[in-house]
Amino acid sequence: MSENLVGICMERSQEMIIAILAVMKCGGAYVPIDPDYPKKRLKFIIEDTQLSILLTQYSLQNTLSEYSEKNIYVDEIWQQIATQSDENLVISFTTDSLAYTIYTSGSTGIPKGVCCYHHSVVNLLTDFQQRSSIGTGDQSSFWTSFSF
């Protein structure tokens with residue numbers, strides 16, 4: 001699955017975080033897709049990325065029905081997931097591997113996919129830690145959209 005793009009279109013939830021970690025643990029790269037996006041934007045991102053699969057929730061079935069052949073409704077298969085091995089997969093990726101692709105508004109009005117690599121994420125988090133050290137027990141709000 002190395003660096004395959006997997007869409008995640010879910011309401012903000014614990015399951016959304018689990019989906020992100022699952023994709024990364026499999027060596028894939030995720031594409032965050034806000035279910036509140038206009039249908040035209042959803043369609044553009046899903047088609048532009050040529051997603052291998054789209055992890056979503058059954059409650060979003062109507063919103064994403066056009067892509068049903070790619071949809072996996074994670075809330076419908078939790079029992080199946082629970083029967084899988086909890087052993088780590090043997091995968092190969094480096095800091096130069098793709099972590100996720102996020103879509104901007106685009107200066108021309110057409111969304112543009114921006115590829116973010118593991119080393120870039122580490123650099124960003126290191127900068128956050130240096131500017132405002134966060135330790136065990138500290139809390140932080142999740143104030144931005146999942147897709148931002």
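The values are calculated or read from the model by the stated rules, or taken from the named source; none is laboratory data. This structure is a prediction, so every number in the text was calculated from the model and none was measured. Note that we place each Cβ from the backbone using ideal geometry, even for glycine, and neighbour counts take in every protein chain shown. Side chains included, ligands, DNA and RNA excluded: accessible areas come from the protein's heavy atoms. Shrake-Rupley method; radii C 1.70, N 1.55, O 1.52, S 1.80 Å.
Couple of notes before you dig in:
- Residue under evaluation T49, criteria (1) polar (S, T, N, Q); (2) free of Cβ contacts under 8 Å to residues at least 24 places away in the same chain; (3) within 23 Å of H118 (Cβ to Cβ), criterion not met: (2)
- Top-ranked residue of segment 62-75 - restricted to ones that are surrounded by 10 or more Cβ atoms within 10 Å (Cβ to Cβ) and of a type in the set (D, E, K, R), ranked as nearest to G7 (Cα to Cα): K70
- Of residues in segment 98-118 being in a loop (DSSP other than H, G, I, E, B) and among the polar types (S, T, N, Q), the one most open to solvent (accessible area, probe 1.4 Å): S107
- For segment 1-53, filtering for residues that are buried (at least 16 other Cβ atoms within 10 Å of the Cβ) and touching a Lys or Arg at 6+ places or on another chain (Cβ under 8 Å) leaves 4.
- Residues in segment 1-36 that are assigned to a strand (DSSP E or B) and either of a type in the set (V, I, T) or closer than 14 Å to S97 by Cα (or both): L5, V6, I8, A29, Y30, V31.
- Within segment 76-88, the only residue that satisfies the criterion of being outside any helix (DSSP H, G or I) and within 19 Å of the chain's Cα centre (by Cα) is I77.
- Residue list for segment 56-75, restricted to those being polar (S, T, N, Q) and either assigned to a helix (DSSP H, G or I) or out of contact with any helix residue (DSSP H, G or I) (no Cβ under 9 Å at 6 or more places or on another chain) (or both): S59, Q61, N62, S65, S68
- Enumeration of residues in segment 76-97 that are open to solvent by 70 Å² or more (accessible area, probe 1.4 Å) and in contact (Cβ under 8 Å) with a residue 12 or more places away in the chain: E76, N88, L89, S92, F93, T94, T95, D96
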